[in-house]
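Quick note: the coordinates plus some simple rules give every number you see, no bench work behind them. Everything numeric in this text was worked out from a predicted model, so none of it was measured. For neighbour counting, all protein chains shown are included, and Cβ atoms are generated from backbone atoms with ideal geometry for every residue, glycine included.
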Amino acid sequence: MSSQNRYLIYQAYGSQAILTEVLFSAASVLAQSIDPPQIVIYTDQTDWFRQYRWLEGTQYIPLNPTMLATWAGPDKFVHRVKICILADAATQFDGKLIYLDSDTLVMTDINKLFGVIGPEVHLTHTNEGSLRDSALRLNRKIGQYMRGKSWMIDGQPKSIGLETQMYNAGVLGMTTADGQVLLPKVLHLTDQLYHTWPKHTMEQLAFSYVLGQHQVIDTTASVLHYWKLKALRPQLIDLAKQQLAAQPDHSARDLIQALNARYDFPTLLAHQNAWDAKPSIWRKILTLMGKGWDLQKQQLLHN
């Protein structure tokens, strides 16, 4: 399949931390693919990305405050913007789309993921379990909130049952044809859910319900989603600056090699998950004993 039929979508606006995360994510893709997809970045800071010459060929779609306010909707829901960006991409392009959150690193040739997308076959990131028995307390709480309620879906009142699987939306993949049909449904359901209960995962629930009516493929083994490691953001900004200053003509592979030399992301994330899995009372006790989770200490152990 030509790269013109494969589109990798990012949103990058506002803080330098988000821009830098997108930079590393895109580098992780380009470093491993000899036939990369077309990268499309929706951004309000095109010139910032143009500093990095290895991003030549990237398509930039400008964002402005008016557009962002419109896409955030009357309830000013920031994650609603993601849905609108994908809906826009589904009408502009023809082929297959993969959207990645900024805080992702692709661990394999992304064309393997494009290869499994098909009509009514979609990608998400981690399956977090059903609303009945998810390991995440918030998901179970959402399931309880859904009891006895209905939402207008496909023009009819429907419930979101406890059997609904909750998929992390840090990765989303679909054909553009499916996107044109499904994304308006995701947007409509998100608006209903968030207006009623303004939780940050309402967009995730809408994606989970709508895409979950078809085949959903989990991409956890291929994409590292490090949203729990936000404390690294200042250091990632510094690393990107240092690499650009030291080697203006560096490649995507150079940047990823510099990242991997400094951080062992899979191990850091595994340790963070192990810490989060401990009962809250034990976390409090261990922290008081000086044995709490310390990201800086974990980095020193790696280095």
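Determine ³J(HN,Hα), in whole Hz, for all residues of the stretch 250-258 in sequence, where each value follows from phi through the Karplus function 6.51 cos²θ - 1.76 cosθ + 1.60 and θ = phi - 60°; x replaces Gly and Pro.
5, 9, 4, 5, 4, 5, 5, 4, 5
Any aspartates and glutamates with Cα under 16 Å of the LYS291 Cα? List them, leaving off those in the same chain fewer than 8 positions away.
Straight-distance partners of LYS291: ASP276.
Can you pick out the pairs among LYS158/LYS185; LYS82/LYS199; LYS112/LYS230; LYS82/LYS185; LYS76/LYS199 whose Cα atoms lie more than 19 Å from each other?
LYS112/LYS230
Could you compute the longest span of the chain free of GluC sites (Glu not before Pro) located in DSSP loops and having at most 12 other Cβ atoms within 10 Å, not counting the site residues? Mind showing how you got there, number by number?
Working: sites that count: GLU56, GLU163.
Excluding the exposed sites themselves, the longest stretch runs over 164-303.
Pick from VAL40, VAL78, VAL106: which residue has the top mean-square fluctuation in a GNM of the chain where Cα pairs under 10 Å get a spring?
VAL78
If you average the sequence gap of Cα pairs under 8 Å that are 6 or more apart and divide by the length of the chain, what percent do you get for the contact order?
Computed over the chain, the figure is 21 percent.
Collect residues whose amide H, placed 1.01 Å from N in the peptide plane, falls under 5 Å from the amide H of ILE217; neighbours closer than 5 in sequence don't count.
HIS122, LEU123, THR124
What dipole magnitude, in Debye to the nearest 20, does the stretch 3-224 give about its Cα centre under +1 on Lys/Arg Cβ and -1 on Asp/Glu Cβ?
So the dipole magnitude of the stretch 3-224 works out to roughly 620 debye.
Under 5 Å between amide H atoms, partner at least 5 residues away or on a different chain: which partners does MET166 have, H built in plane at 1.01 Å?
HN-HN under 5 Å from MET166: GLU128, GLY129, SER130, LEU131.
Only helical DSSP H runs with n ≥ 4 go in: add -39500 (n - 2.57) per run for the chain, normalise by residue count and round the 222 nm mean residue ellipticity to 500 deg cm²/dmol.
-14500 deg cm²/dmol
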